[in-house]
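Input: a single structure, listed below in structure tokens.
Any read-out appearing in this document is the output of simple, stated calculations on the displayed coordinates, not a laboratory observation. Treat the numbers as computed from the prediction; the structure is a model and nothing was measured. Glycine also receives a Cβ, built like all others from the backbone with ideal geometry; neighbour counts cover every protein chain displayed.
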Amino acid sequence: MDWKEILRQRLATPNTDLKKKKSEQELKDEEMDLFTRYYSEWKGGGKNTNEFYKTIPRFYYRLPAEDEVLLQKLREESRAVFLQRKSRELLDNEELQNLWFLLDKHQTPPMIGEESMINYESFLKVGEKAGSKCKQFFTAKVFAKLLHTDSYGRISIMQFFNYVMRKVWLHQTRIGLSLYDVAGQGYLRESDLENYILELIPTLPQLDGLEKSFYSFYVCTAVRKFFFFLDPLRTGKIKIQDILACSFLDDLLELRDEELSKESQETNWFSAPSALRVYGQYLNLDKDHNGMLSKEELSRYGTATMTNVFLDRVFQECLTYDGEMAIQELMKIHGQDPVSFQDVKDEIFDMVKPKDPLKISLQDLINSNQGDTVTTILIDLNGFWTYENREALVANDNENSADLDDT
């Protein structure tokens, strides 16, 4: 009779009188002790529990303290060797080119337009010839992911090759970012990301025109973009995984393209024109030229219609509205009829639909997809006016479109 049967019988026929006297917790403890004892004997061949636990391999290693210099150095060198090995496991340019030639050579007819296709049998043949580094890509799971509506059961060679390229790029970038992860815990601090971007600048042809004296401002501008969106709780660090998942790094590395169009540069936050535009706005606002913006100086941003409450919150001087919307104050100043706070509040709550009917949380704003509208209503008079008159503006646009059609 094995331990399972013994345990089953013990639990199935408990002593009724004893059970009445013992508490529920005591019974649970007894059952757990019985299970542990029998399991230890069955698994360890009669060994006691402590001896059995000793056979579990060690899986936790504490981080070295600041004064353990030798251990820290050993850890850094170990991580560097590990990352180098991972880097060597990736496909290089020559191997990617060879993969493309093999795929093109094994394309499966018939051609559909200019799209080259390959069936599963040829797909496996290419995988055998491509080498060990490519083995992870030539699986049934990958083929099924890319299989769509082809009546011959084939996948696009170009789509598969782009899939491989994207995977290689992600791993390369992950390794590159990990080299700056001083803590070795999968995240970058602000100083880590600053070092990464600073050393990345010389590799981006679209930033060749930047003066070296401007590098510090550029790095600051770029880093704040990452941290504003990826560190909303202001912990001072962001996960490397989050950096890879967002589009910011794609935009930054897009500047490697020597033939990037002027339109793309204008819309790219990390481009030289965008950075210079932000820098120019900053200098125009900094009236006393001390390198910082006061609340009064920031209030002149744009059309100078940001509310005082918003500015106070930015500078963390005032955390409440004192029962009155600042939007109302600006409307009085600009000669417009004030609106009811209750009406605006009801509209905002109707838009957001928070879980708690008495308050709106950050998660409520995110879930509603109305965060930009709500924020604009509360901090800027122009944004509030546009929202309040949205129906009239739409009607005017329709009338103008109709007039154009008539002409």
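Go through segment 192-271 and name the GluC sites (Glu not before Pro) that are in a DSSP coil and have 12 or fewer other Cβ atoms within 10 Å of their Cβ. All intermediate terms of the calculation are to be shown ahead of the outcome.
Values: sites: 194, 199, 211, 254, 258, 259, 263, 266; in loops: 211, 258, 259.
Here the GluC sites (Glu not before Pro) that fit, given the DSSP loop and packing criteria, are 211, 258, 259.
At R0 = 41 Å, how high is the FRET efficiency between residue 201 and residue 358 if r is their beta carbon distance? Nearest 0.05 is fine.
Working from the Cβ atoms, E equals 0.25.
Compute the Kirkwood hydrodynamic radius of segment 213-300, taking the inverse of the mean of 1/r over all pairs of distinct Cα atoms, and give it in Å to one decimal.
About 14.8 Å, per the Kirkwood formula over Cα pairs.
Taking the Cβ of residue 62 as the centre, find all other residues whose Cβ is under 15 Å away and add up their charges (Lys, Arg: +1; Asp, Glu: -1).
My count for the surroundings of residue 62 gives -1.
Between residue 83 and residue 172, what is the label-point separation in nm under the 7 Å Cα-to-beta-carbon projection?
Spacing of the two 7 Å Cα→Cβ label points: 1.6 nm.
Going 7 Å from the Cα of residue 267 toward and past its Cβ, which residues in segment 132-173 have a backbone nitrogen under 13 Å from where you end up?
none
Quick one: net charge of residue 284's neighbours, Cβ under 13 Å, K/R +1, D/E -1?
0
Relative to the present Cα-Cα distance, how much length would full extension add between residue 55 and residue 133 at 0.36 nm per residue of separation?
Full extension of this stretch gives 24.6 nm more.
Apply 1/(1 + (r/R0)^6) to the Cβ-Cβ distance of residue 308 and residue 76, taking R0 = 51 Å, and write down the FRET efficiency to the nearest 0.05.
Details: r = 50 Å, r/R0 = 0.97.
It comes to 0.55.
In nm, to one decimal, how far is the modelled label at residue 33 from the one at residue 211, with both set 7 Å along Cα→Cβ?
Distance between the two pseudo-spin positions: 8.0 nm.
Assuming a ≥ b ≥ c are the square roots of the Cα gyration tensor eigenvalues, decide whether segment 158-261 counts as rounded (a/c under 1.5), prolate (otherwise, with a/b larger than b/c) or oblate.
The shape class here is oblate.
Give me the net charge for the shell around residue 267: Cβ to Cβ below 11 angstrom, other residues only, Lys and Arg +1, Asp and Glu -1.
Working: positive: 262; negative: 251, 254, 263, 266.
Summing Lys and Arg as +1 and Asp and Glu as -1 gives -3.
Tell me the label-point distance for the pair residue 165, residue 292, using the 7 Å Cα-to-Cβ offset, in nm and rounded to one decimal.
The two pseudo-label positions are separated by 4.8 nm.
With r defined as the distance between the Cβ atoms of residue 69 and residue 111 and R0 fixed at 60 Å, what FRET efficiency is calculated, to the nearest 0.05? Mind dumping the intermediate values first?
Working: r = 64 Å, r/R0 = 1.06.
Computed FRET efficiency for residue 69 and residue 111 comes out at 0.40.
So if I take the centroid of the Cα atoms in segment 113-170 and the same for segment 210-287, what is the distance between those two points in Å?
35 Å
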